[in-house]
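Report on the structure given below.
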Amino acid sequence: MVKYDHTQIEPAWQARWLARQTPITEDGDRAGKYYCLVMFPYPSGRIHMGHVRNYTIGDVIARSHRLRGRHVLHPMGWDAFGLPAENAAIEQGVHPASWTMHNISYMKQQLQRLGISYDWKREVTTCRPDYYHWNQWFFLKMYERDLAYRKRSAVNWCPKCRTVLANEQVIDGACWRCDSPVAQKELEQWFLRITAYAEELLAGCDRLTGWPERVLTMQRNWIGKSEGAEVEFPLQDGSGAITIFTTRPDTLYGATFMSLAPEHPLIERLIQGRPEAAAVRAFAEEARRLDRTARLTGNFEKAGVFTGAHAINPLTRQPIPIWVGNFVLMEYGTGAIMAVPAHDQRDFEFAKKYHIPIRVVIQNADRSLRAETMPEAYTEEAGWMADSGSFTNLSQAAGKTTIINHLVAHALGKRTINYRLRDWGISRQRYWGTPIPIIYCDACGVVPVPEAQLPVVLPRDVPFTGKGGSPLAESAEFLNTTCPRCGGKARRETDTMDTFVDSSWYFLRYTAPRETAQPFRREAADYWMPVDQYIGGIEHAVLHLLYSRFFTKVVRDLGLTSADEPFTNLLTQGMVIKDGAKMSKSKGNVVDPNVLIEKYGADTARLFSLFAAPPEKDLEWDDQAVEGASRFLHRVWRLVTDQTGRVQTAGAPPDPERASPRVQTLQRATHQTIQRVTADLDKSFQFNTAIAALMEFYNTIAQWQASTPDGAQAPAGDADDRAALAEALRALLVLLSPFAPHLTEELWQRLGHTASIFAERWPVADPRWLKDELVTIVLQINGKLRSQLQVPPELDEREIETRALADPKLQPYIEGKTIRKRIYVPGRLLNLVV
RNA sequence: GCCGGGAUGGCGGAACUGGCAGACGCGCGAGACUCAAAAUCUCGUGGAGCCUGGCUCCGUGGGGGUUCAACUCCCCCUCCCGGCACCA
């Protein structure tokens with residue numbers, strides 16, 4: 001017998017698959033298209049176990065759909081711009097381009113060693129000018145449509161990465177990449193107007209039924225829609241008004257003061273010449289200096305200062321004091337709020353602290369609220385309007401709409417919607433990214449680079465000092481240019497784009513990766529898009545997944561494709577854990593995929609990473625369980641190679657009617673396994689149970705084989721027996737092939753097939769074999785299991801009951817008792833209530 | 001605080017639409033092979049008790065409920081993971 005030697009088999013098949021020039025993307029086309037995409041990696045150096053798991057999941061999905069006759073697109077590429085390359089340049093003196101390209105070729109080779117079936121002819125690398133050309137092109141299109149704009153604003157600054165971060169890239173006040181605390185900085189920045197799509201991005205969440213609920217929740221939270229009204233509060237001195245945003249216009253009669261953000265532009269005018277002026281300035285100054293992380297977490301003392309000025313409550317016509325509050329955010333709403341102590345907990349505390357009146361204007365169900373005795377604000381959106389002029393006694397809900405209508409009718413305010421979502425700041429003060437295609441001319445101002453001059457190529461000779469500031473500004477050759485409009489002296493924008501721009505449309509580029517005249521071809525994109533199955537980590541729940549949805553909508557509105565959403569189904573796979581923690585160099589719990597592949601082979605690595613846990617859950621690494629996966633593959637190898645002689649010349653298996661009981665047993669197992677594995681893959685990618693079913697199937701075949709009558713052992717043994725075995729082994733191999741492609745391909749050839757196992761069709765379960773010959777009927781007395789009955793499935797209820805009543809094990813329970821009720825579940829159980 | 005997800009043997013995890021809880025794998029125990037070990041193969045393996053065929057009771061985070069029957073449905077609670085959070 002030949003031993004299973006993955007070191008021989010795997011490289012040989014990888015070479016043959018690669019050499020076979022048939023474009024795998026064009027295989028199939030019998031049952032429609034299927035676009036299977038796994039988030040492309042940043043080429044950081046080498047593949048880690050998380051990648052192994054991730055790409056294996058994608059490969060099993062792609063291979064199984066191909067076997068089932070679909071036209072499958074399964075591409076791979078590189079998210080190749082980014083900071084690590086630039087840091088390597090600063091630390092080791094390697095150019096980011098060489099560092100990146102070197103990593104790509106190494107990681108590509110690693111992916112090939114895993115036997116992942118990518119269509120490498122469609123490989124996309126974002127740091128190449130043929131790709132980022134189109135980043136620039138999209139930027140210009142957005143600029144034309146006012147979806148890209150420049151503004152000076154306070155931005156998130158990571159002091160370690162020495163660059164700006166988008167709001168989405170600040171996690172708990174720290175940099176998403178390096179965890180450093182984020183500072184505020186005033187800078188001129190380019191923004192993409194993602195807020196123009198806020199409503200559509202939010203509404204789309206309801207239709208993304210193929211996405212995990214928690215990702216949708218995160219996106220909804222992030223967009224943070226709140227509906228309400230903007231209301232004008234006239235200043236008492238008649239010199240204008242303050243506009244506030246509120247979600248509770250029904251509480252307007254209870255507004256007893258106002259608060260402005262410390263940055264609010266109106267403050268200076270309000271305090272002009274008042275005795276409070278100095279104190280207010282000092283307070284605002286201090287509030288602005290408040291530690292950003294404290295401010296982000298709300299972890300500071302809420303305080304305010306009275307400006308001395310008053311505004312008029314537009315409904316009560318009463319003057320109310322205007323304060324400045326350190327908790328009011330200039331970035332949200334209008335930077336000014338009306339404060340209703342009785343119905344907002346924060347306002348309540350503030351009013352108590354500064355002795356400001358509290359007015360109850362919404363009563364609870366039993367109308368028992370009294371301003372003097374309330375221990376806390378009543379914030380329920382329920383109850384009855386009180387003390388609210390003509391609105392008194394309306395229900396809270398009716399009051400809300402009626403008051404909004406009243407405000408609109410009297411031009412006191414308007415219905416508005418506010419979003420938490422901010423525009424996407426994309427300027428980065430780093431080198432290794434897409435140059436922003438803008439030119440600044442002293443005469444003409446901001447001038448976009450004409451499309452014909454794209455791409456604006458990233459220059460290679462730039463000093464990497466690590467001192468901060470945009471490295472491109474150091475390159476005189478890049479910086480100095482002529483104005484495309486007037487031909488005069490001008491300089492280029494030296495910031496580069498956030499790398500999330502690159503990954504926001506790469507899935508479109510895969511549909512026509514070598515296109516040179518446009519980002520992609522419409523027919524190709526319309527054929528393949530949307531991605532049927534997208535696979536990646538949960539860490540991109542808001543970042544990449546939100547940006548990609550935004551880009552897709554922009555691209556659609558540019559008339560380039562008809563897709564509304566990029567990804568129909570999303571699978572977020574769990575992390576790979578060892579010793580209770582995420583694998584990381586600093587914790588020293590890393591398993592190197594190369595070592596694993598050398599020792600056990602890619603098939604074992606693949607099988608284990610799918611078997612140990614369902615894909616969405618974290619996977620706890622277990623070296624011993626890896627051995628288990630390897631053992632299973634060895635057993636399959638031995639079983640098939642031992643039986644090759646008997647199986648090679650076997651004919652077709654017999655019909656159920658004329659098969660011997662022995663043959664029936666195996667046939668039934670074969671078809672039930674086909675059914676189970678197919679269902680597990682279809683349902684929700686339950687690879688773990690699919691593999692378990694294959695293991696059980698192996699166990700059945702091996703036991704069946706061990707019980708073969710002596711005479712049948714020979715190659716010329718019983719024909720039906722051999723035919724059933726042949727069918728079982730063929731099914732076993734094909735069903736296992738997406739998981740363990742090398743082993744199954746090799747065994748397939750050894751069974752005498754000349755074509756690849758991947759040219760095979762996925763087996764279809766024959767319904768005639770799915771019925772059991774005997775079913776077990778559970779016998780219960782009062783719902784407790786007391787006995788079992790083996791009966792043919794077609795046996796009727798009456799006969800089963802007769803047999804049950806005769807069952808000696810039931811006698812102690814039914815003797816001398818009256819049967820009050822019988823519950824019969826066909827094919828499952830009979831429950832007698834006594 | 002709000003939202004989402006979760007809790008099942010020693011471990012990873014199964015269980016259709018309410019119908020035999022613990023599939024499959026790991027580990028562990030016993031045996032076979034071997035001079036021996038490794039590898040491999042066979043059998044056993046939720047807990048407790050009676051007893052050695054077998055039987056009984058308990059058991060899916062905790063407490064109640066619905067039902068002939070609950071890991072599954074309903075109510076309350078605890079703990080864990082993730083997200084959001086002075087957002088007006």
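Taking all protein chains together and rolling a 1.4 Å probe, A:MET575 ends up with roughly 80 Å² accessible. A Förster distance of 30 Å, applied to the separation of the beta-carbon atoms of A:GLU598 and A:ILE538, puts the FRET efficiency at 0.45. Among the trypsin sites (Lys or Arg not before Pro) within the range A:760-806, those in coil by DSSP and having at most 13 neighbouring Cβ atoms inside 10 Å are A:ARG761.
Considering only A:ALA524, A:THR673, A:TRP621, the residue lying farthest towards the positive end of the dipole of chain A is A:TRP621, judged by Cα position with unit charges set on Cβ. Helix A:797-806 and the longest principal axis of the C-alpha atoms of chain A enclose an angle of approximately 70°. Length available on full extension from A:GLU797 to A:ASP623: 0.36 nm per residue minus the Cα-Cα distance, which gives 57.6 nm. Projected label points at A:THR392 and A:ASP206, each 7 Å from Cα along the beta carbon direction, are separated by 3.9 nanometres. In this rough spin-label picture, where each label sits 7 Å from Cα along the Cβ direction, the A:ILE814-A:LEU187 distance is 8.2 nm. Taking a straight Cα-Cα cut-off under 16 Å and skipping sequence neighbours fewer than 8 places away in the same chain, the aspartates and glutamates within cross-link reach of A:LYS587 are A:ASP579, A:GLU620.
Distance between the 7 Å Cα→Cβ label points at A:ARG128 and A:ALA759: 3.0 nm.
Averaged over its residues, chain A has an accessible area of 43 Å² per residue, based on protein heavy atoms and a 1.4 Å probe.
Computed from Cα positions, the angle between helix A:687-706 and the longest principal axis of chain A comes to roughly 10 degrees. With Cα atoms defining each centre, the range A:718-795 and the range A:424-475 are spaced 62 Å apart in the structure. Residue by residue, the range A:718-733 carries 3J(HN,Hα) couplings of 3, 5, 5, 4, 5, 5, 5, 5, 4, 5, 4, 5, 4, 5, 4, 5 Hz when phi is fed to the Karplus relation 6.51 cos²θ - 1.76 cosθ + 1.60 (θ = phi - 60°); x denotes Gly or Pro. How high is the relative contact order of chain A? Use alpha-carbon pairs under 8 Å, at least six apart in sequence, and give a whole percent. This gives 13 percent for chain A. Spatial offset of the range A:178-194 relative to the range A:38-102 amounts to 27 Å, using the alpha carbon center of each. Shown are A:LEU607, A:LEU329, whose ranking by accessible area with a 1.4 Å probe and every protein chain present, most to least, is A:LEU329, A:LEU607. Multiplying the residue separation of A:VAL834 and A:TYR332 by 0.36 nm and removing their Cα-Cα distance gives an extension gain of 173.9 nm. So what is the calculated 222 nm ellipticity per residue for chain A, using -39500 (n - 2.57) for each DSSP H run with n of 4 or more, over all residues, to the nearest 500 deg cm²/dmol? Counting only the DSSP helices, I get -11500 deg cm²/dmol. Counting only heavy atoms of the protein chains and using a 1.4 Å probe, A:ARG359 has close to 80 Å² of accessible surface.
Quick one: length gained pulling A:LYS467 to A:ALA31 fully straight, 0.36 nm per residue minus the C-alpha distance? It would help to have the intermediate numbers written out before the result.
Numbers: separation 436, 0.36 × 436 = 156.96 nm, distance 5.67 nm.
Extra length from A:LYS467 to A:ALA31 when fully extended: 151.3 nm.
Only the Cβ atoms of Lys and Arg (+1) and of Asp and Glu (-1) were treated as charged; on that basis the dipole of chain A about its Cα centre amounts to roughly 220 debye. Counting only alpha carbon atoms, the long axis of helix A:741-750 and the longest principal axis of chain A meet at about 20°. Using every pair of distinct Cα positions in the range A:780-826, the Kirkwood expression returns a hydrodynamic radius of 11.5 angstrom.
The separation of the range A:626-698 from the range A:317-336, counted between C-alpha centres, amounts to 71 Å.
Rank these by accessible area, largest first, 1.4 Å probe: A:THR689, A:THR496. Before the final figure, lay out each step's value.
Numbers: A:THR689 50, A:THR496 5 Å².
Ranking A:THR689, A:THR496 by accessible area, largest first, yields A:THR689, A:THR496.
Of the residues A:ILE417, A:ILE61, the one with the largest accessible area comes first in the ranking A:ILE417, A:ILE61, computed with a 1.4 Å probe on protein heavy atoms.
The values are calculated or read from the model by the stated rules, or taken from the named source; none is laboratory data. Being a predicted model, the structure only gives us computed values, none of them experimental. Using ideal geometry, Cβ is built from the backbone for each residue, glycine included, and neighbour counts are taken over all protein chains shown. The protein model used for the area step is the full one, side chains on, heavy atoms only, and it has no ligands, DNA or RNA in it. Shrake-Rupley method; radii C 1.70, N 1.55, O 1.52, S 1.80 Å.
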